[in-house]
Each structure stands twice: as structure tokens, then as C-alpha cells.
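Participant: I'd like to ask you about the structure that follows.
The values are calculated or read from the model by the stated rules, or taken from the named source; none is laboratory data. All of these numbers come straight from a predicted model, not from anything done at the bench. With ideal geometry, Cβ positions are generated from the backbone for all residues, glycine too; neighbour counts draw on all protein chains shown.
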Amino acid sequence: MSTRLDKRFAKLKGESRPAFVTFITANDPDFDFSLEILKGLPGAGSDVIELGMPFTDPMADGPAIQASSQRALKAGATMKKTLDLVRAFRAGDNDTPIVLMGYYNPIYHMGVPHFLEAAKDAGVDGLIVVDLPPEEDDELCEPALKAGLNFIRLATPTTDDKRLPAVLANTSGFVYYVSITGITGSATPETSKVAAAVERIKRHTSLPVAVGFGIKTPEQAKAIASAADGAVVGSAIVGAIADELDASGKPRAGAAPRVLALVRDLANGVHSAHARAAE
Amino acid sequence: MKKEEDVSASSKANSFRSGPDERGRFGIFGGRFVAETLMPLILDLEKAYDEAKNDPDFHAELAHLNTHYAGRPSPLYFAERLTEHLGGAKIYFKREELNHTGSHKINNCLGQIQLARRMGKTRIIAETGAGQHGVATATVCARFGLPCVVYMGATDVERQKPNVFRMKLLGAEVVPVTSGSGTLKDAMNEALRDWVTNVEDTYYLIGTVAGPHPYPAMVRDFQSVIGDETKKQMLEIEGRLPDSLVACIGGGSNAMGLFHPFLDDDGVEIIGVEAGGHGIETGEHSASILGGSPGVLHGNRTYLLQDGDGQILEGHSISAGLDYPGIGPEHSWLNDIGRVKYVSATDKEALAAFQLCSKVEGIIPALEPAHAIAHVTKIAPTLPKDHIMVVCLSGRGDKDVFSVAAHLGVTL
């Protein structure tokens with residue numbers, strides 16, 4: 001079965017281009033603005049979209065994404081609205097993969113079978129659930145794979161060679177390498193270390209490896225993208241959204257094009273990198 | 001259906017004390033719901049704890065510290081005047097408030113600091129709500145010369161100033177947490193963020209029977225000294241086991257410590273008292289079992305306070321130590337299989353019990369165990385005089401004097 005993610009990464013590989021993966025939080029700062037950004041992301045150079053499912057207790061996230069989650073919840077974010085965003089996006093774009101990213105409790109609370117059916121129906125392609133390591137695969141990973149969704153796992157600097165096969169076993173779509181030990185949007189990764197880590201992961205899998213956490217500028221994006229199959233940027237984009245809000249938390253006039261211009265700069269950085277030598 | 005599975009899983013060993021399983025589960029509860037970065041760390045911790053558990057030297061060192069540093073065993077005291085006052089069951093207090101640092105928290109901290117040292121960790125982090133666990137952690141870090149960072153919600157820093165100063169005196173760095181709502185759950189999130197960033201040298205000293213496996217089982221084991229001593233002392237004093245046990249529950253570590261050694265003693269009724277706040281029906285409480293539903297937070301599946309979309313709600317209680325939207329996973333399991341009965345006491349009832357205990361026993365209890373005493377005042381009068389009841393007096397009330405004065409409208 002070839003998913004939108006598989007097709008997208010195959011196409012990029014054919015073009016010798018690394019993927020630019022963008023993250024925004026659903027419903028941040030409200031439904032309409034979030035949809036406007038979402039719709040504009042592919043045109044601004046985003047190859048794969050991660051859409052954050054807001055949660056009150058985002059334990060692996062830094063201040064920028066924590067704040068975005070709180071803005072979204074304050075504006076009445078629910079799982080239903082997150083899926084409505086995906087559905088509205090899908091109405092105009094049937095190619096760009098969307099991966100939902102977040103924490104397990106809102107999914108568990110909705111009920112896994114119900115969630116998977118609703119996500120699939122809305123046009124979701126994959127899931128990244130931070131607090132579900134391979135030890136808990138029967139919770140969501142296995143049912144998601146059965147339902148035809150990709151389950152993208154995080155590999156980290158603490159994932160050693162002994163553990164890596166277990167982490168990769170049920171991973172599909174791509175592997176998300178977390179470039180630092182830390183939270184989103186914190187330290188900047190060292191390119192040489194990232195390159196070595198990507199090589200290490202590549203010895204265990206034929207899946208594409210995208211790298212994220214801590215990439216803030218087009219230059220960093222380019223450097224990381226040249227060492228991997230893709231670069232993920234989240235906090236910088238979410239931070240740009242925060243910067244566009246007025247005192248009442250509403251986006252200023254012309255906010256979306258300015259945020260998307262930043263996305264384009266980052267995309268240019270990624271796309272100016274030479275793709276890794278294909279193996 | 002799930003309940004039946006749980007029972008059969010535990011009855012394999014024909015015991016309520018055999019959990020958790022190899023996945024860290026008590027029935028459906030518990031588990032290891034953590035980010036991949038932390039997964040290798042908790043596997044290391046599990047291995048180190050298993051080794052320590054089987055090492056007589058580890059137990060000998062801990063016993064020595066318990067005796068000479070913490071002041072164990074704590075007395076099992078016949079609360080004669082409270083018994084007379086209530087006119088029914090014979091009430092004993094397990095005097096955990098007499099431990100060094102003034103609560104049961106030290107039992108767990110001494111155990112975990114020994115483990116951290118064995119593992120070669122050189123920096124300790126912890127979360128705290130009311131500050132009791134923070135003080136106990138800062139204490140053991142001072143004792144062993146290890147740097148200590150305590151995360152505490154900014155709201156709690158403001159309302160628990162004496163404990164904040166105490167931690168600083170003991171050499172700890174107290175970091176106020178402003179993210180989220182600035183209370184205990186946010187402090188725990190921030191401690192997890194620190195841990196995920198400082199994976200090499202840092203040991204996360206969790207203060208209750210919650211978090212990812214092996215914490216719930218490990219903290220329970222270190223706190224079980226409460227129940228083990230109670231059993232022995234009761235046999236010496238009364239020549240038999242008690243008829244009932246009562247303890248307050250936030251995360252549930254003092255309760256689990258008292259309950260666990262008695263779980264297989266059929267004749268012992270066990271009661272956990274949650275914080276009812278303004279009343280369960282008002283929605284403003286910290287009663288995760290009575291007013292919550294199963295969910296996943298902070299590394300484990302357990303009963304949580306949450307809304308219809310799986311977002312975590314703030315707890316409310318007069319006692320900052322019970323003000324947590326979750327509960328240890330083993331309690332959730334013990335509730336579902338029916339071995340332990342969970343009830344609640346309101347802020348008002350706890351406040352009345354706080355004053356009653358002070359007046360008739362000359363013991364100022366912390367607001368947390370005042371919830372347990374509040375339940376005792378409801379049931380003891382209905383029980384026969386030969387019914388023996390043990391209440392865990394988990395902490396002393398000095399820290400609460402100011403807030404109780406405020407609640408009673410007294411200006412100090």
C-alpha cells in the first residue's frame with residue numbers, strides 16, 4: 001500500500017530534493033487563521049505537514065509550542081476541530097501528506113477505533129505520538145497500521161544501536177530523528193553529529209529520515225537537510241505566528257502572508273541543500 | 001470485561017501484591033508512556049532498582065538511615081481521647097509526622113537517593129506541590145552533597161513560602177514554574193523537560209506512586225515500611241491485625257505504603273480518602289477516582305481529572321499536597337478490582353478534623369491526613385468498640401498553620 005507519505009518521499013527522492021516538514025498547532029490562535037496557514041503551507045514550499053493536536057500538558061515541548069497549545073485550547077480547540085481542519089485542507093489538496101502530532105490522552109479519551117476511523121476519514125496520513133514508545137505499541141501503533149495510517153516514530157540520541165531495531169520495527173512513512181536530548185525549540189543541533197546519527201539509523205532502515213528539534217533559520221535548515229532526507233521546523237513557525245498576534249491575541253492584518261514568507265525562506269534553505277546520496 | 005481480566009491476571013499468583021507485571025501494568029493501569037528520549041533511562045532505572053532490591057547491602061544501608069537519620073520506626077499510637085470522643089472504633093495513629101522533615105516523604109527520598117548514588121548520578125531533580133517532597137528531597141541531597149533542583153508551580157511557590165525558604169536553606173535551587181497553570185502537574189511537566197534535556201547525569205526523584213514504571217512500584221516499596229511496621233507493632237500491642245486502615249490520597253504514596261503489606265489480609269478493610277474539595281458534585285475537587293476517568297498522563301495510565309476531550313483539568317483542594325489531577329496507577333487497579341474502597345472528604349470536613357485532632361490529641365496534623373481523620377469521624381462512631389482502626393498520620397500541620405488561620409478568618 002502506497003500512502004501519500006510514501007508517494008511524496010519517492011517523488012522528492014526522484015528529484016534529489018530533501019523534504020521540508022513544517023509543524024503548526026491546530027486552531028492556533030483560532031480555526032480560521034490556522035486553516036489559512038495550513039492551506040498556504042504547500043505553496044510556501046512545505047512538502048509534509050505536521051499538525052499539532054493541542055494538549056494541556058505537552059511534556060516534550062518547549063515554551064513556543066506550549067504557548068501555541070494553550071492559545072489553541074483557549075480558542076476552543078477539540079479533536080473534532082483538528083480533524084475538521086484536515087478535512088477542509090483536503091478539499092483543496094489531495095497530495096500533501098498530513099501527520100497529526102501530539103500526546104496520547106486526547107486520542108485514548110476519544111477511543112482508539114473511533115479516532116482512527118475519524119482521522120482516516122478526514123484525510124490524515126500518519127501519526128506521531130510522543131508518549132507512545134515501542135513498549136506500548138499495542139495501544140495505538142498496531143491498530144493505526146492496520147487502519148492504513150503511517151505511524152512515525154521518534155528516534156533520539158539516547159536510542160542506541162541495541163534499541164534502534166525495536167524503535168524502527170513498526171515505524172512507517174519516515175523516521176523522525178530528534179537531533180538533541182531536550183525539548184522542542186531549544187538547543188541547536190550540531191550538523192556533524194546529526195549526520196553521523198542519520199548514517200547510523202540508515203544502516204537499520206530504508207525509510208527516509210527527517211531531522212527536527214531546534215532548527216530555527218534557513219541556514220540551519222539547509223545544513224541539517226544536507227545531512228538527512230528532510231528537515232522539520234516547528235517552534236520557529238509557531239513563534240512567528242505568536243509574533244503576529246495583537247494584545248487581544250488576534251492575528252494582525254496581513255499576518256498569514258508574513259508567516260508564510262518566513263516558511264518560504266526556510267523552504268528555500270532546505271531545498272538549496274543537496275539531497276543525500278541515494279542508496 | 002476488563003475488570004475480569006484484571007482479576008485473573010493478579011490471581012495467577014493468588015495475591016494482590018504481585019503487581020506490576022513486566023510491562024509495569026497493574027491490570028490496565030500503569031505502563032511506560034514516555035518520550036523515546038526517556039525510555040532508555042527508565043529501562044536503566046528499572047534494572048538498577050532490580051539489582052538494588054536483591055542486594056542485602058542496599059537494604060542494610062537504607063535501614064541504617066531510616067533508624068538513625070529519619071528516626072524510624074515511627075510509633076503506632078493509641079489515640080485514646082479521639083476514640084473516646086467518637087465513641088466507637090479503637091483508633092490508632094501511625095505517626096509518620098514524627099519522621100525527620102515532618103512527613104512520610106523522607107522514606108521514599110532516602111531509598112531513591114541511595115539508588116541514584118549507586119547509579120553514579122550526580123544531579124537530582126524533583127517536583128513538589130505543597131513542598132513536603134521538595135523539602136525531603138533537598139534534605140537527602142544536602143545529606144549526600146548532591147546538587148538539587150526542585151520544580152514548583154509559581155502559584156504554589158507563592159502560597160507555600162515557608163517550605164520554599166526551607167528548601168533554599170537546605171541548598172536546593174527552587175525553580176518556579178509558570179507554564180500551564182503553575183501548579184503541581186506543571187511542575188512535573190517541567191521536571192520531565194529537565195530530565196529529557198539532562199539525560200547523562202540527572203536522576204529524577206519522583207515523590208509519589210505515579211509516573212512511568214518502575215516509579216509506582218519502587219516508591220511503593222520504599223513507603224511499605226509504613227505498613228510493615230504497623231503490622232508488627234499491632235501484633236505486639238493487640239496481638240492481632242487491625243480491622244481497618246484509613247489513609248488520605250493525593251498521588252497516594254502514604255496510603256500505598258500503609259495498604260500494600262495488608263492487601264492479602266482478607267479481614268482488613270482498606271479505605272483511601274480523596275480530597276473532595278468543595279464537594280465532588282461541584283466539580284472543584286481532587287478526587288481522581290470518584291470524580292475522574294481513566295487516561296494517560298505523566299507516564300502512566302490511571303484515573304485522571306479531565307474534560308470531554310481528554311484535556312487535563314486542574315484539581316482543587318484546601319490541601320496543596322492533594323491537589324493533583326491524577327493518582328497512582330496501583331490505586332486505580334485496587335479500586336477497579338474492589339480491594340480498596342475509595343471515599344472523599346471535603347475541605348470543610350478536613351478543616352474540622354484538623355481542629356478536632358489538635359484539641360483532643362495534642363497533635364496538629366497536616367491538612368492531608370486531616371482528610372483521613374475526617375472520614376474516621378464519620379465511620380468510627382458507627383463501629384463497635386472492639387473494631388481496631390489504623391489511620392496514617394502522614395505529616396504534621398506546622399506548614400498549614402497560616403493557611404488554616406486564613407480559612408478560619410484569623411489574622412496572625
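Participant: Need the failing condition index for B:Leu412 against (1) buried (at least 16 other Cβ atoms within 10 Å of the Cβ); (2) in a loop (DSSP other than H, G, I, E, B); (3) among the aliphatic types (A, V, I, L, M), just the number.
Facilitator: The failed condition is (1).
Participant: Something else: Check A:Ser186, A:Ser179 and return the single one that is among the polar types (S, T, N, Q) and under 15 Å from the mean Cα position of the chain (by Cα).
Facilitator: Of A:Ser186, A:Ser179, the one residue that is among the polar types (S, T, N, Q) and under 15 Å from the mean Cα position of the chain (by Cα) is A:Ser179.
Participant: So, one more: Considering every residue within segment A:171-193, establish whether at least one is within 14 Å of chain B (Cβ to nearest Cβ), at pLDDT 95 or above and surrounded by fewer than 16 Cβ atoms within 10 Å (Cβ to Cβ).
Facilitator: no
Participant: Sort out which residues of segment A:3-38 are farther than 18 Å from A:Ala255 by Cβ, in a loop (DSSP other than H, G, I, E, B) and either of a type in the set (Asp, Glu) or touching a helix residue (DSSP H, G or I) at 6+ places or on another chain (Cβ under 8 Å) (or both), and write them in order of number.
Facilitator: The answer is A:Glu15, A:Arg17, A:Pro18.
Participant: Right, here's the next one. For segment B:131-246, list the helices (runs of 4 or more DSSP H) that sit wholly inside it and hold at least 2 residues that are touching a Gly at 6+ places or on another chain (Cβ under 8 Å) and aliphatic (A, V, I, L, M); which are they?
Facilitator: In segment B:131-246, the matching helices (runs of 4 or more DSSP H) lie at B:132-144, B:161-169, B:184-197, B:215-223, B:225-238.
Participant: Among the residues of segment B:230-241, is there at least one that is more than 11 Å from chain A (Cβ to nearest Cβ) and β-branched (Val, Ile, Thr)?
Facilitator: yes
Participant: Same structure again: Check segment A:149-168 and report whether any residue there is at pLDDT 95 or above and away from chain B (no Cβ under 14 Å).
Facilitator: The answer is yes, given that some residue of segment A:149-168 is at pLDDT 95 or above and away from chain B (no Cβ under 14 Å).
Participant: Among the listed residues A:Asp57, A:Asp121, A:Asp138, which satisfies the condition of being more than 8 Å from every other protein chain (Cβ to nearest Cβ), part of a loop (DSSP other than H, G, I, E, B) and either out of contact with any Asp or Glu (no Cβ under 9 Å at 6 or more places or on another chain) or crowded, with 19+ Cβ neighbours inside 10 Å (or both)?
Facilitator: Criteria check complete, one pass: A:Asp138.
Participant: While we're looking at this one, here's another question. Under the condition of being farther than 10 Å from B:Gly180 by Cα and surrounded by fewer than 24 Cβ atoms within 10 Å (Cβ to Cβ), which residue from segment A:64-75 is nearest to the other protein chains (Cβ to nearest Cβ)?
Facilitator: Looking at the filtered set, the residue picked out is A:Leu73.
Participant: Which one of the conditions (1) within 14 Å of chain B (Cβ to nearest Cβ); (2) β-branched (Val, Ile, Thr); (3) closer than 28 Å to A:Ala221 by Cβ does A:Ile107 fail to meet, given that it meets all the rest?
Facilitator: Single failed check for A:Ile107: (3).
Participant: Does segment A:153-169 contain any residue that is touching a strand residue (DSSP E or B) at 6+ places or on another chain (Cβ under 6 Å), in contact (Cβ under 8 Å) with a residue 12 or more places away in the chain and among the polar types (S, T, N, Q)?
Facilitator: Yes - at least one qualifying residue is present in segment A:153-169.
Participant: Take segment A:156-167 and flag every residue that is surrounded by 15 or more Cβ atoms within 10 Å (Cβ to Cβ) and touching a Pro at 6+ places or on another chain (Cβ under 9 Å).
Facilitator: Within segment A:156-167, A:Thr156, A:Thr158, A:Thr159, A:Arg163, A:Ala166, A:Val167 meet the criteria.
Participant: Given the conditions (1) among the hydrophobic types (A, V, I, L, M, F, W, C); (2) under 17 Å from the mean Cα position of the chain (by Cα); (3) not in a helix (DSSP H, G or I), which single one is not true for B:Ala372?
Facilitator: (3)
Residue by residue, here is whether (1) surrounded by fewer than 21 Cβ atoms within 10 Å (Cβ to Cβ); (2) modelled with pLDDT of 95 or more; (3) farther than 25 Å from B:Val410 by Cβ; (4) not aliphatic (A, V, I, L, M) holds:
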| position | (1), (2), (3), (4) |
| --- | --- |
| B:Gly315 | no, no, yes, yes |
| B:Gly321 | no, no, no, yes |
| B:Gly338 | yes, yes, yes, yes |
| B:Asp347 | no, yes, no, yes |
| B:Ala353 | no, yes, no, no |
| B:Cys357 | no, yes, no, yes |
| B:Val360 | yes, yes, no, no |
| B:Ile373 | no, yes, no, no |
| B:Lys378 | yes, yes, yes, yes |
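Participant: Only one residue in B:Glu96, B:Glu158 is farther than 22 Å from B:Asp57 by Cβ and either at pLDDT 95 or above or of a type in the set (Val, Ile, Thr) (or both), so which one is that?
Facilitator: Unique residue meeting the criteria: B:Glu96.
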